[in-house]
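Structure record follows, encoded as structure tokens.
The values are calculated or read from the model by the stated rules, or taken from the named source; none is laboratory data. Everything numeric in this text was worked out from a predicted model, so none of it was measured. Cβ atoms come from the backbone with ideal geometry, glycine included; neighbour counts cover every protein chain shown. Calculation scope for accessible area: heavy atoms of the full protein, side chains included, ligands and nucleic acids excluded. Shrake-Rupley method; radii C 1.70, N 1.55, O 1.52, S 1.80 Å.
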Amino acid sequence: MSPRTIIQPSRLSRGVRRWAQARHFSDRRVIFSGIQPTGTPHLGNYIGAIHRWVRLQDEPGEVSDLIYSVVDLHAITMPISPEVLRRHRREAMASLLAAGIDPDRSTLFYQSAIPAHSELMWILACRASTGYLSRMTQWKSKLSVASSTTLFDEDVRSSLKLGLFSYPVLQAADILLYRATHVPVGDDQRQHLEFARECVSNFNSTYGKHLVSPTTLSSPELRVMSLQNPAQKMSKSDKSHWSRILITDTPEEINKKVMGAVTDSENYVSYDPAARPGVSNLLRLLSYFDSGSRTPEQLAAELSSENAGLGVLKQSVSESIIAAMSGIRERYLQLLAEDGGGFIDHVAREGARKAQLRADETMAIVREAVGL
Ligand code: TYM
């Protein structure tokens, strides 16, 4: 018997089948994305993901369902104390609200409030290949081991925990649970999205066409690099706080960090990502926030025609970031203080209520398809 014949859609109950068909043929976009509560979001999170999520709320034309989650179960794949996690969860929620996520237009919730994420993860894990997972890069970068490391490496066998290794399966469950059609993420998440599509193929070829294959919405130009080591992406885990701009930094902090950004010893402006990664990272930031929508190349040509040096470039970048971040810090502090954090908890509860409805619909189909 081929895996396809294990369950046919016709064997689903009528109600579930009708719902599944309506969903399958609906052309409504369902957007899902998530962020780990592992520290205050930085400019990379903002440009690569959060700002995109906010702008999707205002996109004219086709209406989308927008679902955003603070993925707290992912945060415990690396050691984190309960007190720190509790604080980071609320801070992540406050950051998203302060950056412009509107709970009336988007569903915003904590991943752990919906147990179906873990249940679907288990079902997907039963068909996920450990060979595929072992080739993925995230567990290697989290353990700071070479990309050539394998599961047969003695050190890895003791330090690699099952949760970190299976992280991509949980991420796939996050997305598939809401039948997301599009996932806006930074470029570093591409591999995880490919794996999510692999999980859909595995499931659908075994149990029938029930899960939706998600499209990745990401762009390499939106990758923000560290201000101290432009060969690496801006990251929450970098030891140097000079390497990243937090969305809650004061204008003074932003200015100091940008003026101290590592570039090179040539005091002129040109856009050359390979030879001048630090200067090019700054030009991409300037271009991103530029109201005239000039490309990094155009901005470099303009600055160079004015004989501007790197000090002038840095000052312009600093001013553009300060203007774009204006108000976020104040709203963030206000949200955390409001009702002792009670407002944030209320938003998260309401979001979870909405998310639960959709998760229940998917799990009814999945359980029936699997025979549970
Ligand atoms: P996380 O929490 O590391 O980052 C949140 C988002 O920010 C993007 N990002 C960046 N974009 C551009 N430049 C950078 N330097 C930069 N650093 C981070 C990330 O690509 C991400 O979009 N595994 C995910 C969380 C997750 C998820 C999901 C995302 C769990 N389940 C389901 C989408 C769908 C992560 O660790 O993101």
Exercise. Once the whole set of protein chains is in place, how much accessible area is left on Tyr132, using a 1.4 Å probe, in Å² to the nearest 10?
Worked result: 50 Å²
Exercise. When the Cα centres of the stretch 133-156 and the stretch 297-372 are compared, how far apart do they sit, in Å?
Worked result: 30 Å
For this session: Kindly identify the stretch 103-249 as rounded, prolate or oblate by the Cα gyration tensor criterion: order the square roots of the eigenvalues as a ≥ b ≥ c, call it rounded if a/c is under 1.5, otherwise compare a/b with b/c, prolate if a/b is larger, else oblate.
Result: oblate
Seminar exercise, completed: Note to self: C-alpha centroids of the stretch 227-274 and the stretch 24-86 sit apart, in Å, by 24 Å
Seminar exercise, completed: Checked the chain against the a/c 1.5 cut and the a/b vs b/c comparison, axes a ≥ b ≥ c from its Cα gyration tensor; verdict prolate
Exercise. Add -39500 (n - 2.57) for each DSSP H run of 4 or more in the chain, then divide by its residues: what number comes out at 222 nm, to the nearest 500 deg cm²/dmol?
Worked result: -15000 deg cm²/dmol
Exercise. Using alpha-carbon pairs under 8 Å, 6+ residues apart, how would you state the relative contact order of the chain in percent?
Worked result: 23 percent
For this session: Let me know the whole percent of all Cα-Cα pairs from the stretch 250-324 that are separated by more than 19 Å.
Result: 26 percent
Seminar exercise, completed: By the mean-Cβ-within-10 Å protection proxy, highest first, 86-93, 155-162, 41-48 rank as 41-48, 86-93, 155-162
For this session: Nearest 5 is fine: what % of DSSP beta bridges in the chain come out antiparallel, could you say?
Result: 10 percent
Seminar exercise, completed: Surrounding charge for Ile321, neighbours by C-beta under 11 angstrom, Lys/Arg +1, Asp/Glu -1, total -1
Exercise. If packing is taken as the mean number of other Cβ atoms within 10 Å per residue, what is the order of 116-125, 237-246, 59-68, highest first?
Worked result: 116-125, 237-246, 59-68
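Of Lys142/Lys236; Lys142/Lys257; Lys142/Lys233; Lys140/Lys239; Lys236/Lys354; Lys239/Lys314, which sit over 21 Å apart, Cα to Cα?
On the way: Lys142/Lys236 12 Å; Lys142/Lys257 25 Å; Lys142/Lys233 14 Å; Lys140/Lys239 18 Å; Lys236/Lys354 30 Å; Lys239/Lys314 23 Å.
Result: Lys142/Lys257; Lys236/Lys354; Lys239/Lys314 exceed 21 Å.
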Exercise. With helices defined as uninterrupted DSSP H runs, which ones in the chain have an alpha carbon span along their own long axis of at least 20 Å and mean Kyte-Doolittle hydropathy of at least 0.5?
Worked result: 310-325
